[in-house]
1. Buried (at least 22 other Cβ atoms within 10 Å of the Cβ), within 23 Å of residue A:227 (Cα to Cα) and in contact (Cβ under 8 Å) with a residue 40 or more places away in the chain: does that describe residue A:90?
2. Please determine, by comparing only the residues of the stretch A:268-290 that are crowded, with 18+ Cβ neighbours inside 10 Å and more than 23 Å from the chain's Cα centre (by Cα), which one is nearest to residue A:443 (Cα to Cα).
3. Out of all the residues in the stretch A:435-446, is one or more farther than 18 Å from residue A:323 by Cβ and touching a residue at least 60 places away in the same chain (Cβ under 8 Å)?
4. Identify the residue in the stretch A:106-128 that is assigned to a loop (DSSP other than H, G, I, E, B) and in contact with a helix residue (DSSP H, G or I) (Cβ under 6 Å, 6 or more places away or on another chain) and, among all such residues, is farthest from residue A:66 (Cα to Cα).
5. Residue under question is residue A:51, and the condition is that it be in a loop (DSSP other than H, G, I, E, B), touching a residue at least 12 places away in the same chain (Cβ under 8 Å) and either within 13 Å of chain B (Cβ to nearest Cβ) or under 22 Å from the mean Cα position of the chain (by Cα) (or both); does it hold?
6. Report whether or not residue A:232 is surrounded by 22 or more Cβ atoms within 10 Å (Cβ to Cβ) and in a loop (DSSP other than H, G, I, E, B).
7. Exactly one of these conditions fails for residue A:71: (1) within 12 Å of another protein chain (Cβ to nearest Cβ); (2) out of contact with any helix residue (DSSP H, G or I) (no Cβ under 7 Å at 6 or more places or on another chain); (3) touching a residue at least 60 places away in the same chain (Cβ under 8 Å); (4) under 20 Å from residue B:27 (Cβ atoms). Give me its number.
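FYI, it's all coordinate maths here, none of it is from the lab. Everything quoted here is computed from the prediction, not taken from an experiment. Here the Cβ positions follow ideal geometry from the backbone for every residue, glycine too, while neighbour counts run over all protein chains shown.
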């Protein structure tokens with residue numbers, strides 16, 4: 001019988017059908033961070049429950065740790081150190097693969113995971129973090145869970161799950177120069193809503209996806225959760241196999257040859273059935289930016305905010321009125337040339353080496369506008385080292401950006417560092433929720449190219465409008 | 001986890017769409033490596049005029065009598081979207097809300113509710129609007145009665161709304177069972193599967 005990519009991986013991991021559609025699913029790899037992983041490990045300790053296979057568990061420190069140069073366990077977040085120390089204490093003496101602060105492989109979980117070959121095609125993978133869906137870019141069946149489900153997986157290597165509905169999003173067309181996978185996903189969510197894929201696992205297919213490099217696919221799948229999806233997945237191809245070869249936790253030698261044979265065949269059958277299909281053509285797509293407080297409130301960076309009467313449904317209109325007030329914007333207004341206070345490049349969405357190269361390409365020989373606070377936070381210590389080897393750090397700092405240690409940083413405000421009240425920030429992150437980056441902060445999500453260009457301009461714009469080819 | 005069966009209580013309407021888990025409990029309110037002590041951080045940015053002094057915002061519904069005693073929350077679509085933080089459910093439960101009725105939920109949040117004795121009910125927007133209308137007349141008197149066994153919401157004496165829920169989720173809430181213990185009973189199945197699985201994927 002024809003099967004989708006999702007169904008193939010699912011069935012290969014189904015231990016037992018438990019009735020009522022629920023199955024006991026084997027979980028291959030688990031990644032933890034100090035924010036939620038610490039709680040899951042502590043809770044198991046308190047109950048005297050062992051981790052079943054610690055060598056299938058990975059952990060790093062990214063969420064609460066500061067990103068200032070020379071940082072240590074001390075955090076600006078008042079109790080942040082407790083989370084770091086608790087995670088470290090729980091791991092001590094176990095065979096959990098731990099990338100601690102001084103480890104050259106430390107970084108944001110979803111950046112470290114592909115970088116180290118921890119997420120692999122065809123495996124099941126969970127992390128108590130919603131952006132775990134990023135790893136679907138490698139053909140990994142990966143999704144975010146809460147602490148309780150994480151504890152279950154740590155103790156049993158399984159989860160009890162019902163197979164979700166399946167959606168295919170087929171994207172065709174050659175992306176115009178300067179348009180990125182971040183723009184695709186913001187466009188997608190703006191068209192179909194932030195609950196457009198609620199209850200679905202999404203497979204991305206089509207010529208546009210095939211043409212994307214792995215890191216761009218990671219950005220796309222990263223925001224599947226902002227589309228409401230349980231996860232996003234992309235069939236592995238030659239790019240995936242080339243990307244994974246030689247990574248620390250990838251198969252080695254003959255195992256790699258065997259594994260890549262399996263991966264090459266890991267795709268949806270041509271006549272596989274999906275519960276829903278969306279077709280998009282992105283050949284005329286422009287850079288996108290959000291104007292509101294939900295990722296669905298996004299428009300072309302050269303476009304204007306919708307008028308209230310263009311919206312159907314009173315709850316949508318009420319949400320828009322609230323968002324406009326919060327963001328200090330008006331209906332029908334152009335988003336371009338809105339003055340910004342800050343620019344942020346980082347997060348599990350856009351902090352990989354290709355993102356930093358793209359931003360540096362825009363910033364080269366330029367200075368950011370006066371009064372703009374600009375920060376670049378590499379996604380991992382490896383990304384940081386690579387960027388420094390290429391001299392990108394110099395481009396960022398010469399332009400006026402701060403150059404940081406890796407971590408989640410100001411993607412969200414955890415009680416430590418934040419942007420000022422009512423500050424307008426253009427950001428490569430994934431969530432423009434109220435107060436996400438600090439009290440009353442106004443976040444506009446965009447690609448690294450658009451964030452870099454806006455930082456130079458002091459106002460929201462894309463790189464093309466500055467005459468920069470990106 | 002305390003078994004859940006029926007509940008009768010005041011319902012508070014928080015009729016906004018896309019209420020995310022950052023809003024339910026801001027990151028800075030998750031202060032300790034613990035699942036407890038989170039209720040005071042619930043909806044902190046909406047609930048307090050000053051987060052630091054904890055001065056309450058009288059305009060926020062959960063600060064108003066009798067909604068400050070609500071056991072049930074009515075809300076808009078995509079409730080609990082965003083971050084996977086289970087703290088959102090821990091805070092809701094500790095504050096006293098045991099049922100959330102919304103047209104749709106963030107999927108991780110929904111799972112987290114089931115694991116923590118909070119019943120998430122999917123109901124059409126129109127039906128929620130009728131319930132809201134009924135409650136608004138006299139929230140103290142017009143309580144909702146929810147029976148998870150029979151999957152019904154009973155209000156206005158004669159009006160009954162049926163709601164769907166996965167059988168396993170229903171059983172889990174009603175029995176308050178510990179899932180780890182249950183799964184560990186199947187350990188030999190897991191062992192056998194694992195051995196065969198590793199045979200096929202020796203690099204894992």
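1. Against the criterion (buried (at least 22 other Cβ atoms within 10 Å of the Cβ), within 23 Å of residue A:227 (Cα to Cα) and in contact (Cβ under 8 Å) with a residue 40 or more places away in the chain), residue A:90 does not qualify.
2. A:274
3. no
4. A:122
5. yes
6. The answer is no for residue A:232.
7. Tallying (1) within 12 Å of another protein chain (Cβ to nearest Cβ); (2) out of contact with any helix residue (DSSP H, G or I) (no Cβ under 7 Å at 6 or more places or on another chain); (3) touching a residue at least 60 places away in the same chain (Cβ under 8 Å); (4) under 20 Å from residue B:27 (Cβ atoms), residue A:71 fails exactly one: (1).
One line per residue, one yes/no per condition, for (1) more than 28 Å from residue A:163 (Cβ to Cβ); (2) touching a residue at least 12 places away in the same chain (Cβ under 8 Å):
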position: B:110; (1), (2): no, yes
position: B:114; (1), (2): no, yes
position: B:123; (1), (2): no, yes
position: B:141; (1), (2): yes, no
position: B:169; (1), (2): no, yes
position: B:181; (1), (2): no, no
